[in-house]
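Enquirer: This structure is in structure tokens; I'll ask about it shortly.
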Amino acid sequence: MTPLPPDVSGEAPDLFTTSPYMRRRRRRGAVVKFALLLALMTAVAALVTLIITVINGSFGLAAVENAKPPSELAASLGHPEGTELESLGKEDLVTLLEAEISTNLGRRFERERRFFDDRLVFEDPYVLNDLCMSGEPPPACSLSARSREDVYGLVVERVVDPTIVGTWSFFDSVFNRGEIEADAALEHPGAELIFRSWISWDFIRNPQSPEPAVAGIRTALFGSMWVVLITLVFSFPVGVGAAIYLEEYARENRLNSIIQTNINNLAGVPSIIYGMLGLAIFVRTLEVITSGSFLGGGGGATANGRTIISAGFTLGLLILPLIIINAQEAIRAVPGSLRQAGMALGSTKWQTVRAHVLPNALPGILTGTILAVARALGETAPLVVVGASTFITTDPTGPFSKFTVLPIQIFQWTSRPQDEFRNIAAAAIVVLLVLLLTLNAAAVILRNRYSRRAV
Amino acid sequence: MLLFAAAALSILTTVGIVFELGKEALLFFRSAEATIGEFLTSTIWQPAILDFGIWPLVLATLTTSIIAMIVALPVGLATAVYLSEYASPRVRGVIKPILEVLAGIPTVVYGYFALTFMTPLLRSILGVGAVEIFNTASAGIVVGILIIPLVSSMSEDALHAVPMSLREASYGVGATKLDTSLRVVLPAALSGITAAFVVSISRAIGETMVVAIAAGAGPKNFTFGEDSLFGYILNPFVAGETMTGHIVRISGGDLSYDSIDYNSIFAIGLALFVITLGLNVVSRRFVARFREVYE
């Protein structure tokens, strides 16, 4: 894009190529250009390495020890040899549970949620009836029976009880397979060595568990969705409103310029500070509201403010400056002639804004909002401070539930010293990155469509 | 009016931050266990025995930030110069999205990267004995990678704002592309680039997840004279907890309100807020100055 030095050609001796001084200058130029390119490649290499590192952790060999081999379990019910545990029906699975786990544990599961709607397996009907009449009825009293998948999960977790005793990264597994097999046979003689993709449907569907073999991210995914939803519901209208005010209504006075400067400065405040603000205001000061206890304790048994709604509002404040700044740019890009045309037809300012400015700015506003939501989806630090739960296995049921989100799950698994938790952290990272990439792609498509129309 | 309220909410946010951080920090300094003098001078942070000196945390923050800047400045600036002065539109079309992706990756992922890639790499280069599993060097390098896109995009904006006529004048007197880029365009964009640097430093200081995961989980307390200056105090390959890392670790546990721990993290938060806000204001001044020159 910059003009090149004039190209000298013709009969006269070419000073640009013959003079040693010029050659030296050119060589130096080439060296520096190469150095710049190298620096740029460093940045690219960093991204590639990062992705490879994550992939490297998401797949690989794992040595698994089962307390009860699944093949034997199916056979113990009289099914032919080689029947897969997965193919069994709910009745069979419950029978297995009955045979293999203690009655006490069975009662506990049944009080959490019944196995069948029409009969009880472990629990005495009279005891459960009494419990349901008592002041604190167990969840089973109001919930319908467990699904087959749910029972299957229990069988795997409690009966098969797979323990991962060792894991290897992808490249190790591919290139040193022989060595690993020898190692595993020596150190974990009872274990089965399988090549495992840590990302699987089960990983996405299963709730959190202390056992990495069966742990999943369902709880965290639901948590993330709830939090982002609240964030969006709060920050989108407020952000767009603020942008409209600043672009269309604000006069050039001191107050408005302070607001503008302030928004720009807020965009640079570290996210963890927002977390502390959320902790002090939403979690603590507004505890009565955010814990849901103003609804008569109906929301959940949490009774403190470390809930989805606190997290949502905290992230809402965090992305508000981003939404405002982006929306302002989108509104500014709407040509002034549209406004004048609207006004000339006698519409009021608000009518003009609503009927002409906003529809034209909408794609830009949405693009900015999607990017801001992507930011909220990946935020970790403020939510740690606001108090995401370290370990919950139940899906959030509403804005007043305790919660965990995907990035928090990644953080906790990464912080565990055992290798297998690193593997599921990597798998969770893949899921998170895919989600973010989808959002970004949506933003890019929106932007392209918009710019095509504007041309 | 409703729209004004929406805009004014931003003011309320700032006031909220200052008020809440200030209030809790004040409670902290008013309490019998901590004094502002100790907070600002002591080199021991050990809440269990009521030692509250912020220096171990500040030192770790400085270490990671300086290392981050050593990585991010040259790479980010060189990327910006290449993209703005040398690159063909096609190369730009490839590189810009890559930088955007790099900027969009959540910081917790960078934390994972630091712990599972950078630390083992450092340990295999420098020896397992020389590098601890948690260390500020690895965290700092990865924070540096994380802010490369920020440095390069802000610097590139600054370089773009330099009028074409300056470049053409430079070529006109016989300068090469190299001379033009480094001796004419770069100095002309200096205030904008400085702004980029200042914002990046502020970002590095405020960065949380990478240091919380990879830098260490306990303050690196030290005593001048007793501890070796280069072997321990300034050694980046030793574990150290930064200000942000400490806030995350303390608030991640079960924290009871009105405890000295609760108040102490707000004092740290206040210090952090003041530092980063100050840096951002400074950077905005630089940008304002450089706009005055060319518009």
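The values are calculated or read from the model by the stated rules, or taken from the named source; none is laboratory data. Note that the coordinates shown come from a computational prediction; the quantities given were computed from them, not determined experimentally. Using ideal geometry, Cβ is built from the backbone for each residue, glycine included, and neighbour counts are taken over all protein chains shown.
Enquirer: Taking residue B:122 as the residue in question, decide whether it is touching a helix residue (DSSP H, G or I) at 6+ places or on another chain (Cβ under 9 Å), surrounded by 24 or more Cβ atoms within 10 Å (Cβ to Cβ), outside any loop (DSSP other than H, G, I, E, B) and in contact (Cβ under 8 Å) with a residue 24 or more places away in the chain.
Expert: No; evaluated as a whole, the condition is false for this residue.
Enquirer: Moving to a separate point now. In this structure, does residue A:94 turn out to be at pLDDT 80 or above, more than 25 Å from residue A:395 (Cβ to Cβ) and either of a type in the set (A, V, I, L, M) or not assigned by TED's automatic domain parsing to the domain that holds residue A:144 (or both)?
Expert: So residue A:94 does not fit the description; no.
Enquirer: Pairs needed: first member in region A:227-256, free of Cβ contacts under 8 Å to residues at least 60 places away in the same chain; second member anywhere, in a helix (DSSP H, G or I) and not hydrophobic (A, V, I, L, M, F, W, C); C-beta distance under 7 Å; at least 6 residues apart or different chains.
Expert: From residues that are free of Cβ contacts under 8 Å to residues at least 60 places away in the same chain, the pairs are A:250/A:256.
Enquirer: Hey, does region B:257-280 have a residue that's more than 9 Å from chain A (Cβ to nearest Cβ), closer than 20 Å to residue B:111 by Cβ and touching a residue at least 12 places away in the same chain (Cβ under 8 Å)?
Expert: yes
Enquirer: Hey, another quick one. Determine whether region A:165-184 contains at least one residue that is assigned to a loop (DSSP other than H, G, I, E, B), in contact with a strand residue (DSSP E or B) (Cβ under 8 Å, 6 or more places away or on another chain) and more than 24 Å from residue A:71 (Cα to Cα).
Expert: yes
Enquirer: I've got another one for you. Where in region A:203-315 are there helices (runs of 4 or more DSSP H), lying wholly inside it, with at least 1 residues that are at pLDDT below 80 and among the charged types (D, E, K, R)?
Expert: Hits in region A:203-315: A:287-290.
Enquirer: Residue B:83: in contact with a Lys or Arg (Cβ under 9 Å, 6 or more places away or on another chain) and either within 15 Å of residue A:45 (Cα to Cα) or more than 7 Å from chain A (Cβ to nearest Cβ) (or both), yes or no?
Expert: Spelling it out, residue B:83 is indeed in contact with a Lys or Arg (Cβ under 9 Å, 6 or more places away or on another chain) and either within 15 Å of residue A:45 (Cα to Cα) or more than 7 Å from chain A (Cβ to nearest Cβ) (or both).
Enquirer: Go through region B:224-258 and count every residue that is under 29 Å from residue B:24 (Cβ atoms) and either assigned to a loop (DSSP other than H, G, I, E, B) or at pLDDT below 75 (or both).
Expert: Qualifying residue count, region B:224-258: 10.
Enquirer: So how many residues does region A:49-75 have that are more than 9 Å from chain B (Cβ to nearest Cβ) and within 17 Å of residue B:108 (Cα to Cα)?
Expert: Residues flagged as more than 9 Å from chain B (Cβ to nearest Cβ) and within 17 Å of residue B:108 (Cα to Cα) within region A:49-75 amount to 3.
Enquirer: For residue A:143, are the conditions met, namely being outside any loop (DSSP other than H, G, I, E, B) and out of contact with any strand residue (DSSP E or B) (no Cβ under 8 Å at 6 or more places or on another chain)?
Expert: No; evaluated as a whole, the condition is false for this residue.
Enquirer: A follow-up question, please. Is it the case that residue B:113 is within 11 Å of chain A (Cβ to nearest Cβ), within 19 Å of residue B:207 (Cα to Cα) and in contact with a Ser or Thr (Cβ under 6 Å, 6 or more places away or on another chain)?
Expert: It is true that residue B:113 is within 11 Å of chain A (Cβ to nearest Cβ), within 19 Å of residue B:207 (Cα to Cα) and in contact with a Ser or Thr (Cβ under 6 Å, 6 or more places away or on another chain).
Enquirer: Also: Give me the helices (runs of 4 or more DSSP H) completely within region B:1-108, filtered to those with at least 1 residues that are crowded, with 19+ Cβ neighbours inside 10 Å and hydroxyl-bearing (Ser, Thr, Tyr), ordered by residue number.
Expert: Answer list for region B:1-108: B:2-30, B:55-81.
Enquirer: Evaluate region B:243-252: report whether one residue or more is β-branched (Val, Ile, Thr) and within 15 Å of the chain's Cα centre (by Cα).
Expert: Yes, the conditions are met somewhere in region B:243-252.
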